[in-house]
Ligand SMILES: [Zn+2]
């Protein structure tokens, strides 16, 4: 009598086939990139455990198909499964077929790991909601991300390899300008850039204020030289389009040059 696919808990020589797509291949050993490869296993193992054992943070995965059907991370491997794994598609909607995310993120908000301060600063300069402290602990970052539905940006894969993490992105580059461009591309943020909308110091939104309301807080020469002023109601810092702003704008123009097609 023909048996069904054996339960993995009984099999000593079980195997599945994996194929990883797009940038997920960056995490794999060279001989496994862009190829179907066998993955032997013993005992019960979930999709998430198998994927992470191959060095891929599950937060970078948005869709897993087993034998052509979408599954979630808790699905157990079964002998001879064919598993296709796709990266996080934040830039277009796969919510109809993906079973992995409870709800896709549409307005990206970030919590940035302690070693990526310059990236956080420039995300704020461009107006993106980016929480950051240089003394964040891993568990704090995971907690904030989960509580506030934020995407974790980090260069620490271990931080992303946790059941508690739902959305995260492993930043590839170590050069900060490239990191900014990488994040702009990854999350398709070009159309959302709004300089002078968020406080660089504390991440709160900025509000336009009249020069009259600032009379005792800024140099009169500055007050008479510029038309527009913005204030952070949280830390009280005042912004205007002075030399600082011009330097920041030049930076932003450089970032945009990397991807003029997105403008
Ligand atoms: Zn502030």
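What about residue 236, is it free of Cβ contacts under 8 Å to residues at least 24 places away in the same chain, on the phi > 0 side of the Ramachandran plot and in a loop (DSSP other than H, G, I, E, B)? Judged against the criteria, residue 236 is a match. Within segment 57-76, being surrounded by 17 or more Cβ atoms within 10 Å (Cβ to Cβ) and out of contact with any strand residue (DSSP E or B) (no Cβ under 7 Å at 6 or more places or on another chain) holds for one residue alone: 58. Among the residues of segment 214-234, not one is within 14 Å of the ligand (Cβ to nearest atom) and farther than 22 Å from residue 198 by Cα. Being within 30 Å of the chain's Cα centre (by Cα) and within 16 Å of the ligand (Cβ to nearest atom) is a description that does not apply to residue 193. Screening residue 248 against (1) modelled with pLDDT of 90 or more; (2) over 25 Å from residue 63 (Cα atoms); (3) surrounded by 17 or more Cβ atoms within 10 Å (Cβ to Cβ) leaves a single unmet condition, (1).
Only a single criterion out of (1) over 13 Å from the mean Cα position of the chain (by Cα); (2) closer than 30 Å to residue 72 by Cβ is not satisfied by residue 177, namely (2).
Of all residues assigned to segment 154-161, none qualifies as being within 16 Å of the ligand (Cβ to nearest atom) and in a loop (DSSP other than H, G, I, E, B).
The values are calculated or read from the model by the stated rules, or taken from the named source; none is laboratory data. Treat the numbers as computed from the prediction; the structure is a model and nothing was measured. Cβ: placed from backbone, ideal geometry, glycine included. Neighbour counts: every protein chain shown.
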